[in-house]
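J.: The structure is given below, and queries will be raised subsequently.
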Amino acid sequence: MAWIQTNMGRRRVDGDQNKDRLSDLPECIILHILSFLRTPHAVQTCVLSTRWKHLWKRIPTLNLNSFQFRTLKIFSVFMSKVLSLRDPSTALHTFNISRRGDIEPRLLKKFLNYVYFHNIHLQELVISLHGDIGLIFSCVSSCRALTSLKLSVGPTWRDPKKTLFPKSLNLPLLTSLDLEDFAFCGDESGCAEPFLEFTKLNSLVIRSCKVIDAQILNISSETLVNLDMQNNSSLFAKIKLYAPSLCAFNYAGSHHIHNIRGCGLSSIKQVNIESVHFSASQEDALVLFSWLLDFANIESLTVTSTALQILSLVPDLFEVKLRSLHKLKSLKIDLIRIYEGSLLVLMKEAMLKKAAAKSPKEGAKLRKAFETCFEPPAIPDGMVDFLRQNSPSAEVNLTTKYPSSFNLKQIGESIKGVKINNYRSRFSMRSSSSLPRLSVRSSSSSVASAAAAKSASDAAPASAAEPASAASPNLDPCLGEKDVKSSNKDDEEKHQHNTNAPLQDNGQ
C-alpha cells in the first residue's frame, strides 16, 4: 500500500495499481497498439523496459515523415537505421514515407528495394516525395497485394511538370486510390481513362491533377462508392462519370467548375461542394445547376456560400421547379466571405438590375449602398427556400471559420423564416473540434433569437474563460529546443485568442 500526491491531496493506492499492466499484454496486442504510432515514437518505446527494447523492430507498419525531424539529414540517417535494424522476418503491411524536397537517389533506391523485398503482404502504401519516377512506379507495380495506394510524386521540385500516370498499372486488389499532382494522358478519341484496370476500386481521390491531349476525363467503375475531386486543372472541361454504386461525391475547386455528365448518378446520397471560386462566370453557374438536376436523390448536401452565390447567377433561377432534391434531409452551408473577384461584381450587377426593375429609386439607393461598402448577402435571398422546395422539412445548418466576418442579422434576413437555435464561436471551447454552427429550421420567428443569443453572450462573466494551460514538454528527440519554443509560443498565442473570443450560446 502506498500514498500518492494528487491535485486533490494525498490518495492511498494499492500496490497492484502501480503494476505495469501494458507490458503484461500479449506481444501481438502490443505490436498492434504500436502500429498506430509514427515510427520515431514507436522506436522511443525501446527505453521502457528490457521487454520493449526490440518490440519496435517487429511492428508491421512503417510511418516515416521528414516533417518530424529538424533536418533532412537527420531524417535520412534515421530512415536508413530503421530499415537496417528492423526484423526482416516480420511481414510489412503498411509503409508510409513522406519527404519534403528531392530525395537522394541512394536513399530512394534503399527504400524502394526494401519495399520490393517485403511486398508480399504489403496492403497499404503511401509515397509523397520527389525522385526517379521510373523506379517508383516499377516498385509500386510489383506490390500486387496492395489494397490502398496514395501517391504524390514528382521528378524534382524545380520541374513544374506533373508526373504522367501510367496507362497500365496492374493492381488487381486495389480498393482505395489517392493521387496528387498527376497528369492523365488522353487517347485518340480525346478522352483519358486512367482507372479502367482497377476493377475493385471503392474510393478515388484526385487532387491537383490535369488531363493532357484530351478534354474529357472518363471515370467508369461499377464498384466506386466514394469520389473526391480537389483543385484539379481547368485544362479539361468535362468529366464523364459512370458509377452506378456511387454514394458520396466531394468536389473542391478555386479556379474552375467542371461539367459532369454521365449515367447512374441518381445513386449519389451525399454531395459536398467546396467552391471558393471568386472569379466565377455565368457558365459556372449553369454547370452547378446541372449538377443539382443530375444528382436527383441527394439526402445530404453541403455547399459553401460562394457556391450558392455562383448558383444565383443562373437567369430566373427561382422560377424553376426542381425535379430533384425530393429526398433532401440535410443542407449544410459553410459561410465564406468574398473580398474581390468577378463573382462579387456579377452579384452586384444582378442585384442592381433586379432593384432597377422595381423602380429607378430602388436601383439608385442600392448603387449608393454599394459605394459605401455594402456587400451582397452571403446567402442569396430565397436560395434556401429554392433548394428546399421539394423537401421543406430538410434541416439547414450553417458553419463558418470566420464568425466575426458576417452579420447574423443580414444572414437571417436572407433566409425566410430563419430561427437561429445555436451559434457558438469555434474558439469558445478548446475541447471541441467542430466548427461553430447555426442551426436553421423553418419557423415563424425572425432574427430575434439571434439577438437574444448575442445579448446572453455579452452578459456572460469573463470568469467563464478557460484558464491557460502549461506548455507541453519536449517528448520528441527529433525536435530541437528552438522548435519546441516556437510551438509553445504558437499555443500561447492561440490560447490568448481563445480566451478573448466571446461565448455565444442560445439554448445550451
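The values are calculated or read from the model by the stated rules, or taken from the named source; none is laboratory data. Note that the coordinates shown come from a computational prediction; the quantities given were computed from them, not determined experimentally. Because the Cβ atoms are built from the backbone with ideal geometry, glycine has one as well, and the counts that use them run over all protein chains shown. Quick note on the areas: whole protein, heavy atoms, side chains included, nothing else; ligands and nucleic acids left out. Shrake-Rupley method; radii C 1.70, N 1.55, O 1.52, S 1.80 Å.
J.: Identify the single condition in (1) more than 25 Å from HIS121 (Cα to Cα); (2) touching a residue at least 24 places away in the same chain (Cβ under 8 Å); (3) surrounded by fewer than 14 Cβ atoms within 10 Å (Cβ to Cβ) that PHE69 does not satisfy, given that it satisfies every other one.
T.: Failed condition: (3).
J.: Would you mention how many residues in the stretch 96-115 are in a helix (DSSP H, G or I), among the aliphatic types (A, V, I, L, M) and modelled with pLDDT of 90 or more?
T.: Matching residues across the stretch 96-115 total 2.
J.: Check ALA252 against each of (1) within 17 Å of ASP294 (Cα to Cα); (2) under 18 Å from the mean Cα position of the chain (by Cα) and name the one condition it does not meet.
T.: All conditions pass for ALA252, except number (1).
J.: A follow-up question, please. Being open to solvent by 70 Å² or more (accessible area, probe 1.4 Å) and part of a loop (DSSP other than H, G, I, E, B) is the filter here; which residues of the stretch 116-144 pass it?
T.: Of everything in the stretch 116-144, those that are open to solvent by 70 Å² or more (accessible area, probe 1.4 Å) and part of a loop (DSSP other than H, G, I, E, B) turn out to be ILE120, HIS121, GLN123, ASP132, ARG144.
J.: Quick one: count up the residues across the stretch 222-243 that are within 26 Å of SER128 (Cα to Cα) and either in contact with a helix residue (DSSP H, G or I) (Cβ under 8 Å, 6 or more places away or on another chain) or not in a strand (DSSP E or B) (or both).
T.: Total meeting the criteria: 8.
J.: Sticking with this one: With at pLDDT 90 or above and of a type outside the set (Gly, Ala, Ser) as the only criterion, which of HIS93, HIS130 stands out?
T.: HIS93
J.: Among the numbered conditions (1) on the phi < 0 side of the Ramachandran plot; (2) open to solvent by 80 Å² or more (accessible area, probe 1.4 Å), tell me where CYS373 comes up short.
T.: In the conditions (1) on the phi < 0 side of the Ramachandran plot; (2) open to solvent by 80 Å² or more (accessible area, probe 1.4 Å), CYS373 misses (1) alone.
J.: Quick check on my filter: what residues within the stretch 87-115 are more than 17 Å from VAL153 (Cα to Cα) and open to solvent by less than 10 Å² (accessible area, probe 1.4 Å)?
T.: Once the filter is applied, which keeps residues that are more than 17 Å from VAL153 (Cα to Cα) and open to solvent by less than 10 Å² (accessible area, probe 1.4 Å), the stretch 87-115 yields only LEU92.
J.: Here is a follow-up. Suppose the filter is touching a residue at least 24 places away in the same chain (Cβ under 8 Å), under 25 Å from VAL205 (Cα atoms) and not charged (D, E, K, R); does LEU83 pass it?
T.: no
J.: Name the residue, out of LEU179, LEU201, that is assigned to a loop (DSSP other than H, G, I, E, B), under 22 Å from SER142 (Cβ atoms) and out of contact with any Phe, Trp or Tyr (no Cβ under 6 Å at 6 or more places or on another chain).
T.: Just one listed residue meets the conditions, LEU201.
J.: Out of all the residues in the stretch 318-327, is one or more under 28 Å from the mean Cα position of the chain (by Cα) and open to solvent by 90 Å² or more (accessible area, probe 1.4 Å)?
T.: Yes, because at least one residue in the stretch 318-327 is under 28 Å from the mean Cα position of the chain (by Cα) and open to solvent by 90 Å² or more (accessible area, probe 1.4 Å).
J.: For residues that are within 24 Å of the chain's Cα centre (by Cα) and hydrophobic (A, V, I, L, M, F, W, C), tally how many sit in the stretch 290-317.
T.: 10
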